[in-house]
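Have a look at the structure below before the remarks.
Any read-out appearing in this document is the output of simple, stated calculations on the displayed coordinates, not a laboratory observation. Since we're looking at a predicted model, the values are computed, not measured. Cβ sites come from the backbone with ideal geometry, for glycine too, and all protein chains shown count toward neighbours.
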Amino acid sequence: MRLLFQFFSSLRLTVTLLALSMVLILLATLDQGQWGVYEVQHRYFQTLLAFWHYPEQWPAADIFDRITIPLPGGFLLGGLLIINLLCAHFRHYRATWDKAGITLIHGGLALLIISGFATAYFQQEYYMWLNVGGRSNYIQSFHDVDLVFIDHTDPKEDLVVSIPSSRLQPGATISNPALPFTVRTVQYYPNSQFYLRSQNPGAPGLDADQGVAKNRDLGLSAKSYDYINDTQNIPSGIIAIDAPDGPRGQWLVSTLLSGELIPPFLAKDLPQTFTVKGHTWEVALRPHREYLPYYIHLDTFIHDKYPGTDVPRRFESQTHLINSATGEDRPVLIYMNHPLRYGGLTFYQASFGPNDSASMLQVVRNPGWLLPYFSVAIVGFGLALHFLLSLVRHLREESSPSAASSSP
Amino acid sequence: MKHLVSNILILFGLLLLVVGFLPPRATSAYDLAAYGRVPVQFGTRVLPLDSVARNTLRLFSSGTTLTAPSSTDFPDGLHMAAIQWFLELSLRPEVADRFPVFYVDHDELLGLLGEKIHPDPLFSFRDLQPHLDDIAKAAQLADDKKDAGAALNSFDSAVSTLRDNLMLYQRLCISFVPPGGQPVDDWKTWQDSLQPGSIAFTSQQAGRPFDEASLNAFLLQTKRYMQLSTAATVGLIPPLSGNTDTWMNLGEGALAALHSDHLSPVLLDYAGLGAALRHNDAAAFNTAVAALHQDLGPAATSSHIRFEAFINQVEPFFWGSLLYVFAFFCACLSWVTLGPDFRRGAFWMIVFGFALEAFGMFARVYLTGYGIVINLYSSALFVGWVAVLFGLVIELWKKNALGAAMASFIGFTTLAIAHHIPFTGDDLEMPRAVLATNFWLWTHVLCITSGYGAMFAAGFLALGYIIAGTFTARLNSCAAREIGRLVYGITCFATLFSFVGTMLGGIWADQSWGRFWGWDPKENGALLIVLWCAICLHARWGKLCSERTQMALAVFGNVVTTWSWYGTNLLGVGLHSYGFVQGTFVALTAFWATQFIFIALALLPRRYWRSQAALA
Amino acid sequence: MTTRGLIISLAASAALLLAACSRGGDGDIRVEHTPKEDAPPPANMADQPAVTPLPIPASADSLPPGHPPIASTTPAAPSMSGGSSMTALPGMTEFVAANPTPKWSPPADWVADPPNPVRKGSWTIPPASNAPAGAQPAEISVNVFQGQLGGLLANVNRWRGQVGLDPTLTDATLATCVASLTIGGLPAQLITLDGPDGRSLEGAFVFLPDRVWSFRLTGPTPVVTAQRPAFRAFLDSVQWPN
């Protein structure tokens, strides 16, 4: 036990962990060139163990591509660093006033690492597109995709059943009490492309015959997942719907068929609907949504440029927040460095549509967002305190004839 | 006389300090200085023509004066100030077409022009005119590649840049006076046609009989000026009311006369300047320039404009870097000569250089209205300035030319780096939307760049330790410990600045993008610096390695800092993505190679060090 | 104190690690009642939400450490008036063909030449029946050129050379043979030249931002002198197409 404690509190361990962190960060940064920031975060930082492979794009890749370096991942290093920090602190420092600064610094750093874990666990990022003059009450995920079934029968509201795409394994059957039918996945591609069979003779057709798939000229093939432009992937799938009174056929679903991407020649077969037990259900594949209990309405989007140039000077979304439950209906300005914080979410001005006709807000949920602020404040205060105390001690020693100590 | 040599050196330094401030000799009968002080709106801001001239010449030719060897067109060679060349470009473009201003040194691009590589690859517009179509086609291919997301090779970038420069050139040619060489007459024709034309127009619209000839003439000219209003690229006429801050170009000014029934006197003044130039009438030119200043109103008398023209002339960074170069030689000489002369000379030269650099940086703050560091160029200036400050303090304290050598070396290299950063058209350009926030510019940005400066200061002092220890016998244990303590102290500062700066950056990112830390390359680079500082400090505190190894660690700090500052730009990834610059990659790798050599020297067994006896 | 502290720290860290690692189980099907959706937006957004956190493409570095991407500096260059001379048509013929011919009224005694791909207008005045043998015809041509052709001075000097005069005018002396006029409402320059060896020229240039129209009458001096009024009338009759 004592040996273990000595190990975990040693300075050598600190330096080793810091050095390993640097190696991890460097290799992860280099890998962002081929996997993009989001994927690298999962592979290197939000994991216990990471593996670095010699990138294909580097010279002599065919010789070196078998090089694989295993590394402790972000979670493992972060965890060990916290343990090391706390152990070392308790071992080397007594709770005396002149070490108060150091205690605060170490405490703040530990809190910072903890906030990293908290972010990894809690943080979720979404986006919200608003057309000028339009409104929205939902936020969409950048990466997750849902297969949705919507029952529009009720005149007052819709019934939406969302199945995450992780459930869409080929051959798997899905059933749910809310659905009077079962769903079987025939095929699912995380990224795909469409083609016209008339222009690609010999290419296979769709394994589907309903809705959009009635167009026999349409074909679908898988495409390798694009990690760098990871928001431009088009997931698609073929699903079979079986109701108790008979099958409803096989349907093509794709994010290409929802929202703004619809090719005009397919629009006539959309939305894709079928009827079971007198209810008409719509089926679609779309980005994962979270519905909010309020609306944001975009009044205007301002995109100021420096006169005579295309260089942006400022972006601003002038919106109204409309919450019928609380009766709120107030104007809100969202612009650079000035987000809207409401209902546990923070809305940031992120992007805009062509001709300034639409504004995109990035929406973040992170209940721990204040942790880094606290930790920075604590460390800052600790640094100032430590500097002050060291200065006082140094001045006292200068005035006395004894030799100065060399500790920090 | 005591200290004669050092006094001479100090006087020489003083001379270099003030020479930039002396008013220049007038080399021409034309009042070029007055023309240079004329304000226009170009790019992101209002600036004097002298700056437009220098920036454009620099964009085209990579230099701020036009120098060319003797040629058939110019048997005596060429040596013109930027404003002189710009005078011709703006008012007599057909003359300017003969001046060799386009710098082309890419061998494939030269091949497209039918030329081989030669030492002075400057081409005039006239030289390039027969090849405009080929350039346009090749540049279009490069554009298509970029739209498709493919990577561009060096030929693509070179030809795109040349095409962009040529388009800018042509637009500037028609931005000050209407094309054709008879601007005064052109404006008169326009003014004369305004009234009959608008009468004819209203009559036609009302279905009444109208004068067809007047109407046609009027419509045609309107079309001509509408075309000019989209092609012209410089705002000449300041806004009359406070509702807008957009200046009107000459096409817009011409069209504005439709409503106000009179043509802006600014346009007539420019035409008068053009006519005077064509008639070689310097007196008329000077009168017209004075009239132009008057007609521009408060915009022309703004202190910002006059100050910017003044700073252009002073060139503080040029004289500052000269001072640093001389100081470095003096510092090195002081180690082989007797007496404190060269060291004192070096110290004062650095002080003068430091003052000039500070003057230049704060002049930028005054002119832009934003923080000291707002772009990569200003970051290079500030990093150097911080390192020089550390060096000066050390020199004052230790008086052994070490601080002076470090300060002058870093000072000169950062100014040279700043000068060679790819030029984007205006060093004083306004910061973009999210950057235009003074609070973060003054806090986060300054902290991070101060951290860089401190890291370099420590790293170069350590380099001094290694060089002295390996190649000379003079590094005794006392000096070694002293340098070691200096390096440690500066590393503490670097840790503080880098850590605080990184944390502030996280807060800024949280305010802007919703996440404190996104693990993107720039953030990772900053974190690497903080981690490396932590390693250096902990290694020393825990006595985990020898002093020589600590110096090696400090030198590695140079590698980490340059990676964070420049290397991360090369990746083109994430929120902080920038353009790939091939030349930077080569320069970085070369620099890293030199640093690794020094690290290897530091880690050699002690018996190989010439100072090993002194260190024992 | 030490042992207790250690146990607390280890416990806390373990909890965090486990929590962070265990996140990811999100395979739940959700059933929700949502308000009716608004009518689909007009097809404004051509692409899938381009989720660059800031909408501006990368630019060459000009940023301090840690900042969002920025737009390109060179002002976006819309094509220059009527088609940039950079990206305009490759050949002379195509360029000429792309410029519509103006309307005009040439005098009756001008003989129209067959259509010429590089000229907009071409006439000949054959030698009079009573002219000396070997007399040259006079020619009228109308041309349009890309760019500025080197400017007025260079062209006047070029024409001077063609009629045997010294091509050494300067800007200061240009006014001796150049006068201003309007052609079809656009400002133009009229050039009158009489050479020492029996050749003369009367011509005009119209300089537009990216092209130049030239009208030229050349021939033996007596013919040109006699034709000058008719030539002026011809110029006055020019009407530019819109």
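Couple of notes before you dig in:
- Between the listed residues A:LEU266, A:VAL283, A:PRO180, the Cα displaced farthest toward the positive end of the dipole of the stretch A:144-289, a dipole computed from Cβ unit charges relative to the Cα centre, is found at A:LEU266.
- For A:LYS156, a cut-off of 19 angstrom between C-alpha atoms picks up these aspartates and glutamates, skipping any fewer than 8 places away in its own chain: A:GLU282, C:GLU32, C:GLU37, C:ASP38.
- Relative contact order %, the stretch B:307-395, counting alpha carbon pairs below 8 Å whose residues are six or more apart: 29
- Loop trypsin sites (Lys or Arg not before Pro), the stretch A:114-171, which have at most 14 other Cβ atoms in a 10 Å radius of their Cβ (DSSP): A:LYS156
- Segment B:ALA355-B:SER241, extension gain: residue separation times 0.36 nm, minus the distance between their alpha carbons: 37.0 nm
- Sites A:GLN193 and B:ASP147 - FRET efficiency at Förster radius 22 Å, r taken between beta-carbons, to 0.05: 0.75
- Burial order of peptide ranges C:166-174, A:329-337, A:368-376 (average beta-carbon count within 10 Å, highest first): A:368-376, A:329-337, C:166-174
- Where labels lie 7 Å past Cα in the beta-carbon direction, separation of B:PHE596 and B:SER303 in nm: 5.4
- Selection from B:THR472, B:ILE599, B:VAL487 lying farthest towards where the dipole of the stretch B:437-616 points positive, charges on Cβ: B:THR472
- Taking the charge dipole of the stretch B:183-305 about its Cα centre, with +1 at Lys and Arg Cβ atoms and -1 at Asp and Glu Cβ atoms, the residue from B:LEU228, B:PHE285, B:THR244 reaching farthest to the positive side is B:LEU228.
- Other protein chain C-beta atoms within 10 Å of residue C-beta, averaged over B:521-532: 5.
- Most to least packed among A:379-390, A:15-26 [average Cβ atoms within 10 Å]: A:15-26, A:379-390
- In this Cβ point-charge picture (+1 for Lys and Arg, -1 for Asp and Glu), the stretch C:163-237 has a dipole of about 200 debye about its Cα centre.
- Vicinal HN-Hα couplings computed from phi for the stretch A:364-369 (Karplus, 6.51 cos²θ - 1.76 cosθ + 1.60; Hz; Gly/Pro x): 10, 10, 8, x, x, 5
- Peptide B:417-424 shows a mean partner chain C-beta count of 2 within 10 Å per residue C-beta.
- Note: relative contact order over chain A, using C-alpha pairs below 8 Å and six or more positions apart, is 18 percent.
- Gyration tensor (alpha-carbon) shape descriptor, the protein assembly as shown, a/c threshold 1.5: oblate
- Note on A:LEU4 and B:HIS279: with the Förster distance fixed at 60 Å, the Cβ-Cβ geometry gives a FRET efficiency of about 0.05.
- Projected label distance in nm at B:VAL586 and A:LEU333, using a 7 Å step from Cα toward the beta-carbon: 5.0
- Prolate/oblate/rounded call for chain A, Cα gyration tensor, a/c under 1.5 rounded: prolate
- Within the stretch A:144-289: Cβ-based charge dipole about Cα centre, in debye rounded to nearest 20 (Lys, Arg +1; Asp, Glu -1): 300
- Cβ neighbours within 10 Å from other chains - mean over A:17-28: 4
- Anisotropy class of chain B from Cα gyration tensor, a/c 1.5 cut: prolate
- Label sites at A:SER224 and B:VAL336, each approximated as a point 7 angstrom past Cα along Cα to Cβ, lie 5.9 nm apart.
- Counting charges near A:PRO190 (Lys, Arg +1; Asp, Glu -1) among other residues having Cβ under 15 Å from its Cβ returns a value of -2.
- The relative contact order of the stretch B:183-305 comes to 21 percent, based on Cα pairs under 8 Å that sit 6 or more residues apart.
- Near B:LEU236: Cβ cut-off under 12 Å, other residues only, Lys/Arg at +1 and Asp/Glu at -1. The net charge is -3.
- The protein assembly as shown, dipole about Cα centre (Lys/Arg Cβ +1, Asp/Glu Cβ -1), debye to the nearest 20: 4500
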